[in-house]
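K.L.:
Pasting in a structure now, in structure tokens, and then I'll have a few things to ask.
The values are calculated or read from the model by the stated rules, or taken from the named source; none is laboratory data. Worth saying up front: this structure is predicted, and the values here are computed from it rather than measured. Cβ placement follows ideal geometry from the backbone for every residue including glycine, while neighbour counts extend to all protein chains displayed.
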Amino acid sequence: MANILVTGGAGYIGAHTVRALLARGDHAVIYDTLATSKAETIGKLEREGAVTFVQGDISDTARLDQVFATHPIDAVIHFAAWKNAGESMLKPAKYFENNVAGTNRLLDSIQRAGVRRIVFSGSCSVYGTPARLPVDESFPLGPESVYAHTKLMCEQVMDWFDRRHSVRYVSLRYFNAAGASADGLIGEEPAQSANLIPVVMEATLGRRPKIQVFGDDYPTPDGTCIRDYIHVSDLADAHVRALDFMAREDRSDIVNVGTGEGTSVKQIIDVTERVSRRTVPAEIVGRRAGDPVAIYADNTKARTVLGWAPQYGLEAIIAHAWNWHKSIG
């Protein structure tokens with residue numbers, strides 16, 4: 001049984017990853033402020049396996065040092081970050097302080113404690129608008145928001161901790177996490193998300209106004225933007241595999257995690273209508289500044305380096321999300 005510190009472990013992706021750790025018999029130490037997550041999620045996870053919860057902020061070095069002194073941590077999975085790209089453009093200091101300075105403090109505590117492995121919650125946003133598709137890890141980097149730039153800066157900080165202190169890292173550059181656990185235990189809290197699928201679910205259930213489709217005149221098959229939607233449970237599996245990779249190979253790497261398939265906004269709406277047997281209230285509005293036309297992953301490296309492959313398709317993503325949102329009404 002490994003002892004894994006999971007920062008932000010009560011959040012959407014973090015909680016699913018904790019479940020994946022517990023399913024294989026690991027002990028999870030969840031370190032979370034609960035600023036954007038719920039305490040009841042901790043209770044659900046505690047009933048699943050060996051969980052210890054510590055409420056704290058990654059900016060609190062003394063608190064972090066105490067956690068490492070109290071628990072024999074074998075590795076860290078780091079989710080704790082602000083992640084609203086739009087807000088980051090209005091409040092850059094908030095994002096640089098928490099995402100970059102906070103990660104630096106965490107890494108400093110990690111290396112002092114003698115821990116040598118960290119999985120980082122990266123983002124495909126570091127690529128900006130790609131010149132061609134699909135996107136692989138060798139693509140030029142061009143972050144177009146403060147949020148995206150903080151993710152790139154964290155990778156650069158981790159690289160130096162690797163060089164100077166042998167702290168190995170895997171940065172998983174996510175595409176669009178979506179869905180909920182197949183058994184309906186945990187999912188994405190709509191109040192904390194501006195992501196497309198939760199917005200579509202809540203609008204379909206009549207809990208929010210009709211959704212706005214930002215442009216239907218893009219050079220795509222149906223005129224709407226295309227993204228790569230990956231089931232959150234598949235994403236959780238990638239984190240567990242990244243831990244095993246570092247234990248086996250003793251080196252760092254950067255890996256895209258996506259399905260390798262693009263899905264348009266209109267396709268999301270169409271599948272939701274089919275799964276829910278309801279009409280999704282929507283209106284076409286003008287394009288939104290900063291939206292790439294299309295982006296989806298080349299996941300060859302994830303398959304070869306991590307031995308990972310997505311298990312869920314779009315239909316399952318929508319069905320699991322729909323069941324979750326209905327259950328929390």
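K.L.:
Among the residues of the range 116-145, which ones are crowded, with 19+ Cβ neighbours inside 10 Å, hydrophobic (A, V, I, L, M, F, W, C) and touching a residue at least 60 places away in the same chain (Cβ under 8 Å)?
P.N.:
Val119, Cys124, Val135
Quick grid of which residues meet (1) in the same structural domain as Gln156 (by TED's automatic domain parsing); (2) among the small types (Gly, Ala, Ser); (3) over 30 Å from Arg117 (Cβ atoms):
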{"residue": "Ala238", "(1), (2), (3)": "yes, yes, no"}
{"residue": "Ala247", "(1), (2), (3)": "yes, yes, no"}
{"residue": "Glu273", "(1), (2), (3)": "no, no, yes"}
{"residue": "Arg278", "(1), (2), (3)": "no, no, yes"}
{"residue": "Pro281", "(1), (2), (3)": "no, no, yes"}
{"residue": "Asp291", "(1), (2), (3)": "no, no, yes"}
{"residue": "Thr304", "(1), (2), (3)": "no, no, no"}
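K.L.:
I would also like to ask the following. Could you list, ordered by first residue, the pairs with Cβ atoms under 9 Å in which the first is in the range 95-113 and assigned by TED's automatic domain parsing to the domain that holds Ile73 and the second is part of a helix (DSSP H, G or I) and among the acidic types (Asp, Glu), at least 6 apart or interchain?
P.N.:
Final answer for the pair search is Tyr95/Glu87; Ser109/Asp65; Arg112/Asp65; Ala113/Asp65.
K.L.:
Additional query: Are there any pairs, at least 6 apart or on different chains, whose C-beta atoms fall under 9 Å, with the first in the range 289-318 and at positive phi and the second outside any loop (DSSP other than H, G, I, E, B), and if so, which?
P.N.:
Gly290/Ala85; Gly290/Gly86; Gly290/Met89; Gly307/Arg241; Gly307/Asp244; Gly307/Phe245
Yes/no per residue for (1) out of contact with any helix residue (DSSP H, G or I) (no Cβ under 7 Å at 6 or more places or on another chain); (2) part of a helix (DSSP H, G or I); (3) closer than 30 Å to Trp160 by Cα:
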residue	(1), (2), (3)
Arg251	yes, no, yes
Asn256	no, no, yes
Ile269	no, yes, no
Val275	no, yes, no
Thr279	no, no, no
Arg288	yes, no, no
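K.L.:
Six or more apart or on different chains, Cβ under 8 Å: which pairs go from a residue in the range 215-230 that's closer than 15 Å to Glu283 by Cα to one that's β-branched (Val, Ile, Thr) and outside any loop (DSSP other than H, G, I, E, B)? Could you list them?
P.N.:
The qualifying pairs are Gly215/Ile284; Gly215/Val285; Asp216/Ile284; Thr224/Val213; Thr224/Val265; Cys225/Val265.
K.L.:
Working only within the range 50-75, note down all residues that are assigned to a strand (DSSP E or B) and either touching a helix residue (DSSP H, G or I) at 6+ places or on another chain (Cβ under 6 Å) or not assigned by TED's automatic domain parsing to the domain that holds Ser145 (or both). Give the steps one after another, and end with the answer.
P.N.:
Applying the first criterion (assigned to a strand (DSSP E or B)) to the range 50-75 yields 51-55, 75.
Selection gives Val51, Phe53, Val54, Ala75.
K.L.:
Does Glu155 count as more than 23 Å from Leu34 (Cβ to Cβ), among the acidic types (Asp, Glu) and under 17 Å from the mean Cα position of the chain (by Cα)? If you could, list the steps in order and put the result at the bottom.
P.N.:
Details: more than 23 Å from Leu34 (Cβ to Cβ): yes; among the acidic types (Asp, Glu): yes; under 17 Å from the mean Cα position of the chain (by Cα): yes.
Yes: the conditions hold for Glu155.
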